[in-house]
Amino acid sequence: MLDIKRIRENPETVRDLLKKRGAGVAEEIELLIETDKKRRAGIQQAEQLKNKKKTLSQEVGKLKQKGEDASALMDDVKHLNEEIKRFDDTADQNEQELHEHLLAIPNTPDESVPEGQDESANLLVRQWGTPATFNFEVRNHVELGEKLDILDQKRAVKISASRFAVFKNEGARLLRALIQFMLDVQTDENGYTEIYPPVLVNRDALLGTGQLPKFEEDLFKLADDPLYLIPTAEVPVTNLHRDEILEEDQLPLCYAAYTVCFRREAGSYGKDTQGIIRQHQFDKVELVKFATPETSYDELEKLVGDAESILQKLNLPYRMMNLCAGDLGFSSAKTYDLEVWLPSQNTYREISSCSNFLDYQARRAKIRFRRGGPKGKPELVHTLNGSGLAAGRLWIAVIENGQQEDGSILIPPALRRYMGDRESIGPR
């Protein structure tokens, strides 16, 4: 969340930055500022009363030492205690209200983020590879998957619901191969520490990364336990260091985690209903970083490069976009999207979002670091994450870009050792 001191001292600047997002939080900012004023005034009044009580208590002690009657002053002290409790209770209530207002306000965009309200205003940063041309009618991943008996959506609906899929035969092995390949590249070549976290997390974890309270409707929650299924490994991995103080020489910390993820996709009714582009359950390798404030934007560039390395090794054409303010995620200050080429749609589709959250998540989750040893003053870290990559969408890209005229799929050379040295997937 944002720093209340920053909002208090520069309310117009914060308002202007949030307007770039198109975030309708002007009323929330006003309520926050008013609540903060009342909270601070109440604390000041309580402190004045406590000082007065201290003085009176000293007078009571002096009178008792002299053997004189101190009952009147003791009544005054009693009344002061009641007033102090009233002010303290009000301050606690104001503190809670202030916290709730802060949780509802998104991060402010970085100055390098382009203006705009939707994806049409996103800026192309770079493009890699040339989309292949086919001298036959291009099939989509569903047609290819069904013909090769490697994807079964009908049975997934039978045993579960829509927006689920069954991968089978070489399709299941290909998904597993992609996950293993991505983890190997990120750990062996790009220097990440592998994590395998729980996929059920508590409410505090989701508050820490910004999914709650705003996006509760998009989460799957257990009925009998206070736990949620994760929408992304960002949640458990970022919260590994919640309420901790790291040492400066530990940073940057770089983690790679494979998990299955779950999303209701509550706000995407009617979108991408064909195929497995948008699923309730999907697999993803997530990259998470903890960095010092002065290095976090350099780490963002490295993070994007690490995600790009997967696409390049698989020879999949893609482009990198700088998201405009209106297209940013709730907690992000800056995001780059990687979009892979899908021949059946004749367009690029998102396969990774790489974001710098600055200290927004760290303030919510109380993740700090200390410079100069144990006597250094703790500071908030900067957190970053990005998909490295979404395995299901990567599966689609490999299938569609590798399709041959006879309906078989050419396996990228980098994946073949994970596929029993097969060069292609053909009809069974």
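The values are calculated or read from the model by the stated rules, or taken from the named source; none is laboratory data. These numbers were taken from a predicted model, which means no experiment stands behind them. Positions of Cβ are backbone-derived with ideal geometry, glycine not excepted, and every protein chain shown enters the neighbour counts. Surface accessibility is based on the protein's heavy atoms, side chains included, excluding ligands, DNA and RNA. Shrake-Rupley method; radii C 1.70, N 1.55, O 1.52, S 1.80 Å.
Go through L389, Y348, G329 and say which Cα lies farthest out towards the positive end of the charge dipole of segment 252-404; charges sit on Cβ, +1 for Lys and Arg, -1 for Asp and Glu.
G329
With +1 on each Lys and Arg Cβ and -1 on each Asp and Glu Cβ, and nothing else charged, work out how big the dipole of segment 7-46 is about its Cα centre, in Debye to the nearest 20.
I would put it at about 100 debye.
Kindly express, to the nearest 10 degrees and within the range 0 to 90, the angle between helix 391-401's C-alpha long axis and the longest C-alpha principal axis of the chain.
It is inclined by approximately 30 degrees.
Return the loop-located GluC sites (Glu not before Pro) in segment 132-229 (DSSP other than H, G, I, E, B) with at most 14 other Cβ atoms within 10 Å of their own Cβ; answer none if there are none.
E137
Give the peptides 274-284, 202-212 in descending order of average Cβ contacts within 10 Å, highest first.
Ranking, from highest mean packing down: 202-212, 274-284.
Set Lys and Arg Cβ to +1 and Asp and Glu Cβ to -1, take the dipole of segment 81-128 about its Cα centre, and tell me which of N122, L102, I84 lies farthest positive.
Of the options given, the answer is N122.
Assigning unit charges at the beta carbon (Lys, Arg +1; Asp, Glu -1) and nothing else, what dipole magnitude in debye, to the nearest 20, does the chain show about its Cα centre?
Using only the charged Cβ atoms, the result is roughly 600 debye.
With every protein chain present, what is the per residue accessible area of segment 283-428 (1.4 Å probe, Å²)?
33
If amide H atoms are built 1.01 Å from N in the plane of the peptide, which residues on other chains or at least 5 residues away come under 5 Å of the amide H of V166?
It is D152, Q153, A156, by chain and number.
Please report Rg (one decimal) and Dmax (integer) in Å for the Cα set of segment 156-314.
Looking at segment 156-314, its Cα Rg and Dmax stand at 17.1, 52 Å.
About its Cα centre, what dipole magnitude does segment 121-267 give when the only charges are +1 on Lys and Arg Cβ and -1 on Asp and Glu Cβ, stated in debye to the nearest 20? Spell out each step's value before the answer.
On the way: 16 positive and 23 negative charges, 192 e Å.
Charge dipole of segment 121-267: 920 debye, to the nearest 20.
I'd like the carbon and sulfur percentage of the solvent accessible area for segment 312-390, probe radius 1.4 Å, heavy atoms only, ligands and nucleic acids excluded.
C and S atoms contribute 41 percent here.
Hey, any idea what Rg/Rh is for segment 277-340, computing Rh the Kirkwood way over Cα pairs?
Rg/Rh: 0.98.
For each pair in K19/K334; K214/K334; K50/K85; K5/K52; K19/K284, compute the distance between the two Cα atoms and list the pairs where it is over 21 Å. The partial results should precede the final answer.
Details: K19/K334 15 Å; K214/K334 19 Å; K50/K85 10 Å; K5/K52 29 Å; K19/K284 32 Å.
The pairs that break the limit, which is 21 Å between Cα atoms, are K5/K52; K19/K284.
Grab every C-alpha pair in segment 1-99, bin the distances at 5 angstrom width from 0 up to the longest one, and report whole percents.
Taking all Cα pairs of segment 1-99, the binned fractions are 2, 12, 17, 14, 11, 9, 9, 7, 6, 5, 4, 2, 1, 1, 0 percent.
Please list, ordered by chain and number, the residues whose modelled amide H lies under 5 Å from the amide H of E247; skip anything fewer than 5 residues away on the same chain.
Those qualifying (amide H under 5 Å, at least 5 residues apart or on another chain) are R370.
Rounded to the nearest 10 degrees, what's the angle between the helix 71-103 long axis and the longest principal axis of the chain, both from Cα atoms, 0 to 90?
20
For Q403, enumerate residues with amide H under 5 Å from its amide H, sequence gap 5+ or separate chain, H modeled in the peptide plane.
Placed amide hydrogens put L410 under 5 Å from Q403.
Just the C-alpha atoms of the chain: what Rg/Rh do they give, with Rh taken as the Kirkwood radius?
Using Cα coordinates only, the ratio equals 1.12.
Using θ = phi - 60° and the Karplus curve 6.51 cos²θ - 1.76 cosθ + 1.60, what whole-Hz ³J(HN,Hα) does each residue of segment 25-31 get, with Gly and Pro shown as x?
Here the 3J(HN,Hα) series is 10, 4, 5, 4, 5, 4, 5 Hz.
Only bridges with both residues in the chain count here: give the DSSP antiparallel percent, nearest 5. List each step's numbers first, then the result.
Values: 51 of 58 bridges.
Bridges in the chain that DSSP calls antiparallel: roughly 90 percent.
Dividing the convex hull volume of the alpha carbon atoms of segment 1-46 by its residue count, what do you get in Å³ per residue?
Convex hull volume per residue, Cα atoms: 67 Å³.
Roughly how tilted is helix 11-21, in degrees to the nearest 10 and between 0 and 90, from the longest Cα axis of the chain?
With rounding to tens, the tilt is 20 degrees.
Give me the accessible area of M182, 1.4 Å probe, in Å² rounded to the nearest 10.
M182 has an accessible surface of roughly 0 Å² with all protein chains in place.
Output wanted: per-residue J couplings in Hz (rounded whole) for segment 252-258, from phi through Karplus 6.51 cos²θ - 1.76 cosθ + 1.60, θ = phi - 60°, x for Gly and Pro.
x, 8, 10, 10, 10, 9, 9
Whole-Hz Karplus ³J(HN,Hα) for segment 48-65, in order, using 6.51 cos²θ - 1.76 cosθ + 1.60 and θ = phi - 60°, x for Gly and Pro?
Once θ is set to phi - 60°, the couplings for segment 48-65 become 4, 5, 5, 5, 5, 4, 4, 5, 5, 4, 5, 5, 4, x, 5, 5, 5, 4 Hz.
Show me 333-345, 80-92, 14-26 ranked by packing, highest mean number of other Cβ atoms within 10 Å first.
333-345, 14-26, 80-92
Please list D69, D306, D298 from largest to smallest accessible area, probe radius 1.4 Å, with all protein chains kept in place.
D69, D298, D306
What figure, in Å² to the nearest 10, do you get for the accessible area of L323 with a 1.4 Å probe and non-protein molecules left out?
For L323, the solvent-accessible surface is approximately 10 Å².
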